[in-house]
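To keep things clear, I will list the structure first and then write my remarks on it.
Nothing in this text is a laboratory measurement; each read-out follows from the coordinates by a stated rule. Everything numeric here is computed off the predicted structure, so don't read it as measured data. Virtual Cβ from ideal backbone geometry, glycine too; neighbours counted across all protein chains shown.
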Ligand SMILES: Oc1cc(-c2ccc(F)cc2)cc2nccnc12
Ligand SMILES: [Mg+2]
């Protein structure tokens, strides 16, 4: 009957971040995770790589698989061009409830659609629900054994087009070996590994960027 780690992270945001200031929300979460409690946000080191890829793609329509507390949701949304939007899928209702409040604190809620439920159920409904034709950018950061099935589902649903960019977190730690095998040995993807570290640690991890070739 105590608070959860996501709830304590939310309190830290509400106490230390300025409302309507996405960067202060990001900084408050990073501070909390370094000085109070580790949490599985993409973090500031991998987050900088995420930022550079999002800025390069400048997506009109972006998808995030795995919202957690909304840290990377805010990181991505703050870089979107005017009129662009980010759809983020979260299976865990407790995480989703915290993420909604973190997103509201950042002031970016108008650019973000948070959908609760299993990604495998939500992905086939994206086109009709949000009136999208294809995705410019996808950030994979949910359960590692869903990376391959959900990537195949995105293909089958016609949500990827020539040039769509997939960026996957945790390909080393906890690791997504089947995913690396899938995108690296598939002629329909051009992949590149960005070496980094597991958030808030010096353990090796990295991001895999894969461009769909159509
Ligand atoms: O970035 C992450 C890190 C970890 C994680 C947990 C425990 C460890 F010891 C190491 C790494 C799990 C994650 N699950 C889903 C999405 N992202 C994750
Ligand atoms: Mg992660």
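Key figures for this structure:
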quantity: Check on residue 37, in contact with a helix residue (DSSP H, G or I) (Cβ under 8 Å, 6 or more places away or on another chain) and more than 20 Å from residue 160 (Cα to Cα); calculated: yes
quantity: Filter pass, residue 114 being in contact with a strand residue (DSSP E or B) (Cβ under 8 Å, 6 or more places away or on another chain) and buried (at least 24 other Cβ atoms within 10 Å of the Cβ); calculated: no
quantity: Residue within the stretch 149-156 that is within 15 Å of ligand 1 (Cβ to nearest atom) and in contact with a strand residue (DSSP E or B) (Cβ under 9 Å, 6 or more places away or on another chain) present; calculated: yes
quantity: Number of the exception - residue 178 against (1) surrounded by fewer than 21 Cβ atoms within 10 Å (Cβ to Cβ); (2) under 15 Å from residue 50 (Cα atoms); calculated: (2)
quantity: Pick from the stretch 28-39, criterion part of a helix (DSSP H, G or I) and under 11 Å from residue 71 (Cβ atoms), ranking: nearest to ligand 1 (Cβ to nearest atom); calculated: 33
quantity: The listed residue being within 20 Å of residue 170 (Cβ to Cβ), more than 15 Å from ligand 1 (Cβ to nearest atom), in contact (Cβ under 8 Å) with a residue 60 or more places away in the chain and touching a helix residue (DSSP H, G or I) at 6+ places or on another chain (Cβ under 7 Å), out of 42, 102, 54; calculated: 54
quantity: Close pairs from the stretch 60-72: first on the phi > 0 side of the Ramachandran plot and touching a residue at least 40 places away in the same chain (Cβ under 8 Å), partner within 11 Å of ligand 2 (Cβ to nearest atom) and not in a helix (DSSP H, G or I), Cβ under 7 Å, at least 6 apart; calculated: 66/141; 66/142; 68/40; 68/41
quantity: Leading residue by the ranking (surrounded by the most Cβ atoms within 10 Å (Cβ to Cβ)) among those in the stretch 44-73 that are more than 16 Å from ligand 2 (Cβ to nearest atom) and closer than 17 Å to residue 191 by Cα; calculated: 57
quantity: Test result for residue 95, buried (at least 24 other Cβ atoms within 10 Å of the Cβ) and within 16 Å of ligand 2 (Cβ to nearest atom); calculated: no
quantity: Residues that are free of Cβ contacts under 8 Å to residues at least 12 places away in the same chain, under 16 Å from residue 151 (Cα atoms) and not in a helix (DSSP H, G or I), drawn from the stretch 176-213; calculated: 185, 186
quantity: Residue match in the stretch 122-136 (condition: within 16 Å of ligand 1 (Cβ to nearest atom) and surrounded by 16 or more Cβ atoms within 10 Å (Cβ to Cβ)); calculated: no
quantity: Yes/no for residue 18 being away from ligand 2 (no atom under 16 Å from the Cβ), touching a helix residue (DSSP H, G or I) at 6+ places or on another chain (Cβ under 6 Å), part of a helix (DSSP H, G or I) and farther than 27 Å from residue 118 by Cβ; calculated: no
quantity: Qualifying residue in the stretch 149-157 (condition: touching a helix residue (DSSP H, G or I) at 6+ places or on another chain (Cβ under 8 Å) and within 21 Å of residue 12 (Cα to Cα)); calculated: no
quantity: Single unsatisfied condition, residue 205 versus (1) more than 16 Å from ligand 1 (Cβ to nearest atom); (2) in contact with a helix residue (DSSP H, G or I) (Cβ under 7 Å, 6 or more places away or on another chain); calculated: (1)
